[in-house]
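No value in this document is a laboratory result; all are computed from the given coordinates. Since the model is a prediction, treat every value here as computed from it, not as a measurement. Cβ atoms come from the backbone with ideal geometry, glycine included; neighbour counts cover every protein chain shown.
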Amino acid sequence: MARVSCDFRYFLIPAAFLFIYIQMRLFATQSEYADRMAEAVDAERHCTSQTRLLIDQISMQQEQIVALEEGKKRKDQECAQLKALVNDLEKKTLQRIIDKTQVPVAAVVIMACNRADYLERTIASVLKYQRSVASKYPLFISQDGSDPNVKAKALSYFNQISYMQHIDYDPVHTERPGELIAYYKIARHYKWALDELFYKHNFDRVIILEDDMEIAPDFFDYFEAAAALLDKDKSIMAVSSWNDNGQKQFVYDPYALYRSDFFPGLGWMLTKSTWNELSPKLKDNRKGRQFIRPEVCRTYNFGEHGSSMGQFFQSYLEPIKMNDIKVDWKSQDLSYLLEDKYAKYFADLLRMAKPVHGPDLALMTSNIDGDVRIQYTDQSDFENIARQFRVFEEWKDGVPRTAYKGVVVFRYHPPKRVFLVSPDSLRQLGIENA
């Protein structure tokens, strides 16, 4: 029995070694499995990270593709717009070449500064009648200063109007104390703009408008007819579309034109030859020359607010009658306005007018049929008579507004004409014993 027990113990030792070996192998296998599992988890995490990165890259690329497509669309649109603009410019260039066969009657310049709303109203009025005669009357806007609203408004008409800008930083020195600096600045702007149009652009004539004016339906036809007068008669300094006594109650005949020693302004045409004399010093250099003006205005001034601070607006400007009919100026014989004929023509009108004297001249005139003439003795007397009729009293440089050889003519209870006559007017006109 003891021998058998001894033998059984011998078996336990190898069994113990075998068990230990198996445990060691099992532990090694488990460790290897755990390492592989860890590697697998790391690999899975890396794969997931790479997948997410790839997805993000794809997403970013898709966004870039969308952005590129949108950019391409914008570029295509811009290209289309540029092509249209180039085509338009080519057409306009061709039109300009064609238009060179049509010699312009005059350039038209709208003088502007800082009133964009006024400018827009003026442009609308001018374009209404200029579009059909654009080749005869190239249109410009000349801006004094850098008001951004005025510049933007002017440039918005780039395909219809040429834009010029005058920048002047030089100080202003007035000739007399108390004078408005604004008028000196305006004069500088006028000189610069006219120099540009006459010398740079080489126009023969220029029509000057301000940025607070509307024009009549026959405005351009009127100036075309007047241009022929300027060419024939060098005693005419300029042609105006304005009558200072053009208020509704003082006008009647839209065909009537007059010569005047007083510069009317407010829509006027000047020739290059005359500007050659005026430009160097910008002083009055009339040399006895006169102006042509209409009885019924071809412009209307709506500018209550501006450099003149509304002077005379309600009394004299607001009631102005602007012509509203289309006069056929081409069929009119205007030769009576030439210097060698006009004095006799005007003298005949004055000679037939009935002389009126007395204290209440307006009332007496009302009770007379036909034209009348009233003589004044001096400026003070003229102003007193003008107040009775409520026409312009103002004189400048010794000349009453609208006067021709001292005579101011206006309608009163139309079609009656009133002639206010200076002490020397009849002699100047060769009217004796009248």
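Between helix 181-195 and the chain, what is the angle of the helix's C-alpha long axis to the longest principal axis, kept within 0 to 90° and rounded to the nearest 10?
80 degrees
With loop defined by DSSP as not H, G, I, E or B, and exposure as at most 12 other Cβ atoms within 10 Å, which is the longest segment of the chain clear of exposed trypsin sites (Lys or Arg not before Pro)?
Longest site-free region, per DSSP loop and neighbour criteria: 101-280.
What FRET efficiency would be calculated for the residue pair D195, L229, taking the C-beta separation as r and a Förster radius of 30 Å, to the nearest 0.05?
It comes out at approximately 0.75.
Using 0.36 nm times the number of residues separating R176 and M364, minus their current alpha carbon distance, what extension gain do you get?
63.4 nm
Using label points projected 7 Å from each Cα along Cα→Cβ, tell me how many nm separate S162 and K248, to one decimal.
Once both label points are built, they end up 4.0 nm from each other.
Grab the other residues whose beta carbon is less than 13 angstrom from that of L209, score K and R as +1, D and E as -1, and report the net.
-2
Report the full-extension gain for the segment K344 to A15: residue separation times 0.36 nm, less the Cα-Cα distance, to one decimal in nm.
Values: separation 329, 0.36 × 329 = 118.44 nm, distance 15.76 nm.
Contour length minus the Cα-Cα distance gives 102.7 nm.
Which net charge results when you count Lys and Arg as +1 and Asp and Glu as -1 among the other residues whose beta-carbon is under 14 Å from that of H305?
In short, -4.
Less than 15 Å Cβ to Cβ from Y169, Lys/Arg counted +1 and Asp/Glu -1: what total charge do the surrounding residues give?
Charge balance near Y169 sits at -1.
Roughly how tilted is helix 116-130, in degrees to the nearest 10 and between 0 and 90, from the longest Cα axis of the chain?
Approximately 70 degrees, to the nearest ten.
Checking the a/c ratio against 1.5 first, then a/b against b/c, what shape does the Cα gyration tensor give for region 129-217?
Judged from the Cα gyration tensor, region 129-217 comes out prolate (a/c at least 1.5, a/b above b/c).
Rounded to the nearest 0.05, what FRET efficiency do D328 and Y169 give with R0 = 60 Å and r taken as the Cβ-Cβ distance? Could you check?
The computed FRET efficiency comes out at 0.80.
In degrees from 0 to 90, rounded to the nearest 10, what is the angle of the helix 2-99 Cα long axis to the longest principal axis of the chain?
With rounding to tens, the tilt is 10 degrees.
Between M352 and M60, 0.36 nm times their residue separation minus their Cα-Cα distance comes to what?
On the way: separation 292, 0.36 × 292 = 105.12 nm, distance 9.60 nm.
Net length gain for the segment: 95.5 nm.
For region 230-302, rounded, prolate or oblate, judged on the Cα gyration tensor with a ≥ b ≥ c (square roots of eigenvalues), a/c < 1.5 rounded, else prolate if a/b > b/c?
Values: a/c = 2.44, a/b = 1.90, b/c = 1.29.
Cα axes put region 230-302 in the prolate bin.
Check each of the chymotrypsin sites (Phe, Trp or Tyr not before Pro) in region 166-240 and keep only those in coil by DSSP with at most 11 other C-beta atoms within 10 angstrom; list them in order.
Passing sites in region 166-240 are Y169.
Tell me, what is the percent relative contact order of the chain, built from C-alpha pairs under 8 Å that lie six or more residues apart?
Values: 575 pairs, mean separation 54.4, N = 434.
About 13 percent, as a whole number.
Just how many pairs of Lys in region 275-391 have C-alpha atoms closer than 28 Å, counting pairs that are eight or more places apart or on different chains?
Number of lysine pairs found: 9.
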